[in-house]
Amino acid sequence: MTLVASRPAVDVRTRKRRRLRPGPRIRLGFLAGPLLLLAIWAAASATGLLDPRFLSAPWTVVTTAADLVESGRLQTNLLASVQRVALGLAFGVPLGTLLALVSGLSRWGEALIDGPIQIKRAIPALALMPLLILWLGIGEGMKITMIALGVLVPIYIHTHNGLRSIDSRYVELAETVDLGRGAFIRKVVLPGALPGFLLGMRFAVTTAWLFLVVAELINATTGIGYMMDLARTYGQTDVILVGIVLYGLLGLFSDAGVRLVERKALSWRRTLAS
Amino acid sequence: MATHAGELSRKEGVVVATHAGELSGKEGAGEPIRVKGLTRLYGERAVLDGLDLEIAPGEFVALLGQSGSGKSTLLRALAGLDGDVAGTGLVEVPEQVSVVFQDARLLPWQRVLDNVILGLDGAVERGRQSLAEVGLAGRERAWPNELSGGEQQRVALARSLVREPRLLLADEPFGALDALTRLKMHGLLRRLFEEHRPAVLLVTHDVDEAIALADRVLVLDHGRIAAEQRLDAARSATEVRSELLRALGVGEVPAGRRDGRPHRDG
Ligand SMILES: Nc1ncnc2c1ncn2[C@@H]1O[C@H](COP(=O)(O)OP(=O)(O)O)[C@@H](O)[C@H]1O
Ligand SMILES: [Mg+2]
C-alpha cells in the first residue's frame, strides 16, 4: 500500500456540516412565486393555449390597466377601496387589541368577551351582511363596519393567544420588581404579545381585502369591486382581470409590509427564520 | 419594615395566621430580618414546619438543603411571592427586597440597560453604573439573547443591586453556570456584597459555594433550620465543611470533590 492511499478519503477542511436552517435571506424572495405564475400565464396566452375570451393575456391586462389609468377610473376606484380598507383596519385593529388585552388580563373580561368573539367567528361574514345593511344602510358605514368586524377577529384571537403564552416567570419578575399595572402592560404584556399581534395583523390585512370584495360587489358605486362588477355586465374579462390583479397585488404588498414591520419589531428574537 | 405575616391560602381549612401587629413602622436599615413559626403547606404536606430564622442587617447567609427540602419555598415566602400557598407564620423583611433567580430572567424584548432599570423611572445613569459594576459597561444596548449565560446572570445581579436592596434573595443563582464562570461569579458577588452590604440569603446546593461566600451557613431539613455553622477565624473551613455534610446526611467527602458522592472507603 502506498502512502498516498493511506490519506483520509475526505479532506476535513472541505467537509461541511449539513445546514438545517433555511439559509440566508433571498432579496425580494416573496416575489418569486407570483412571478413564476405570471410566466406560466404569459406562456399559455402566447402559445394560444388560453382563449382570450376565457382569460385575457397578461399584456392585454397591462394595456387595459393603462387605459383605465388614463381615463382616471382606476385611481378613483382604487382610492375608494384603499380608503375603506384603511378605515376598517383603523377601527378593527385597536378594538381587537383592546378586547384581547381586557380578556387576557382579567378573568371577568375573558368570561364576557371571549364567548361573543368565538360566536362571531363562527358566523360567516355574508350572513351578517343583511343585518348590517338593515342597520347601517348600504353606504360607507356598512362597508367599513363589515371590514372592521372581520379584522377584529384575527387580531383578537392571535393577540389573546400571544398574551396568554407569555412566560409566567416574567410575570413573577414583574411582581418582584414592583412594576405597576401600567408599566407591566407596557414592558411585559404588550411586547410579549407582539409576535401574536403581528401574526394576527397578517391575517387581518388579508381579511380586510377579502371583506372589501364582498362589500363592494354589493351596492357600491365606487371601488375596485364596483369596477369589476360593471365589467361583468359588459363582458370585459380584461377589466375583471385588472381588478383581480389589483386585489392580489394589494394583498401581497400589505402582507409584505406587515412582515417588514415584524422583522424590525421582533429583532430581539433569534429564530429559525433569522 | 414590610410584614407579610398571615398571608393565607384561599383554600379552606387552614388556620388563620398570627398577626404581626403594627410592626410596619419606618425602622431604618438596622432592623434584622425575622421569620417566626413559618409554615407552608402544599396540600396536606408541610414543606416548612414552624421555621424560625433571623438574619442580621448586612449578614451573608447561605442556605443548604437537599433537593425538595423547601429552600425555594422559604425564599419565595421572604420575597412575598407565595400569596397562593397555604400557611401561617410571621415574616418581617425590609421594604426593599431584590430577588435573583436561577435563570437570569431578563425580558428578551428589552435591551440590557432597560432590563436593569425595569420599573425604575429616570434611573438610566444608575443603571449604567450598575452594569459597569458587574463588568458589563458598553453592553447597555445589547439584547439579552446576545449575552452568554454568565453575562446574563451578571445583568440580573445589576438589576437587583440598582434597587439598593436591604435584603438580597438569591435562589441557586449560579446553578446553571459552568464551574469556571461560577468561580468568577463568586468573587463578583462577594465584592458587590462588601460594597453594598445588603443582608443576603443565598440558596445553594453546593457546600463549598456556601462556605466560600457566607458568614453563616444554615441547613434546612424537615421544614426547619436543622443546623447552623458560623464561619469565623476560630474554625477551619474543613471543619465547618464536614459538619455541614453531616447535617446534610452525606458522609465525609474529600475536599475538592463537589458532587457530594461519599468516599469509597468512608
Ligand atoms: N407549586 C407547588 N405545588 C406543589 N408542591 C410544590 C410546589 N412547589 C414546591 N412543591 C414541593 O415542595 C417541596 C419543596 O420544594 P422547593 O421549595 O422547591 O425545594 P428546594 O428548593 O429545596 O429544592 C418539594 O417537594 C416540591 O415538590
Ligand atoms: Mg429550589
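Of note:
- In region B:62-157, the portion of solvent-accessible area held by carbon and sulfur atoms comes to 41 percent [1.4 Å probe, whole percent, DNA, RNA and ligands not counted].
- Neighbouring Cβ atoms from other chains, within 10 Å of the Cβ of residues in A:164-172, number 2 on average.
- For chain A, the pair-distance distribution built from all alpha carbon pairs, in bins 5 Å wide starting at 0, is 1, 5, 9, 12, 12, 12, 11, 10, 8, 6, 4, 3, 2, 2, 1, 1, 0, 0, 0 percent.
- Selected from A:R19, A:R27, A:R84 as most flexible by GNM, with chain A as the system and alpha-carbon contacts under 10 Å: A:R19
- Placing pseudo-labels 7 Å out from each Cα toward the beta carbon at B:R141 and B:H196 gives an inter-label distance of 2.6 nm.
- Look at the stretch B:115-127: the mean tally of other chain Cβ atoms within 10 Å of its residues' Cβ atoms is 2.
- Value of Rg to Rh for region A:153-274, rounded to two decimals, is 1.19; Kirkwood radius and Rg both from alpha-carbon coordinates.
- Under the simplified labelling scheme, the A:L210-A:E140 pair shows an inter-label distance of 2.6 nm, with each label point 7 Å from Cα along Cα→Cβ.
- Semi-axis lengths, Å, the protein assembly as shown, gyration tensor of Cα atoms, sqrt of 5 times eigenvalues: 63, 33, 20
- Heavy-atom surface of region A:57-264, accessible at 1.4 Å and reported per residue (Å²): 49 Å²
- Average beta-carbon neighbours from other chains, 10 Å sphere, peptide A:175-181: 6
- If you plug the beta carbon distance of A:I244 and A:R19 into 1/(1 + (r/R0)^6) with R0 = 25 Å, you get a FRET efficiency near 0.05.
- Of all the options A:L105, A:L49, A:L152, the one that moves most in a Gaussian network model of chain A with Cα springs shorter than 10 angstrom is A:L49.
- Rg followed by Dmax, in Å, when region A:180-236 is reduced to its Cα trace: 19.6, 63
- Cα-projected label distance for A:D67 with A:R164, points at 7 Å along beta-carbon direction, nm: 5.4 nm
- Listed residues A:S254, A:S56, A:S168, most fluctuating in chain A (Gaussian network, C-alpha, under 10 Å): A:S168
The values are calculated or read from the model by the stated rules, or taken from the named source; none is laboratory data. Only a predicted model underlies this, so the values are computations on that prediction, with no experimental measurement involved. Note that we place each Cβ from the backbone using ideal geometry, even for glycine, and neighbour counts take in every protein chain shown. Note: areas computed on protein heavy atoms with side chains; ligands, DNA, RNA excluded. Shrake-Rupley method; radii C 1.70, N 1.55, O 1.52, S 1.80 Å.
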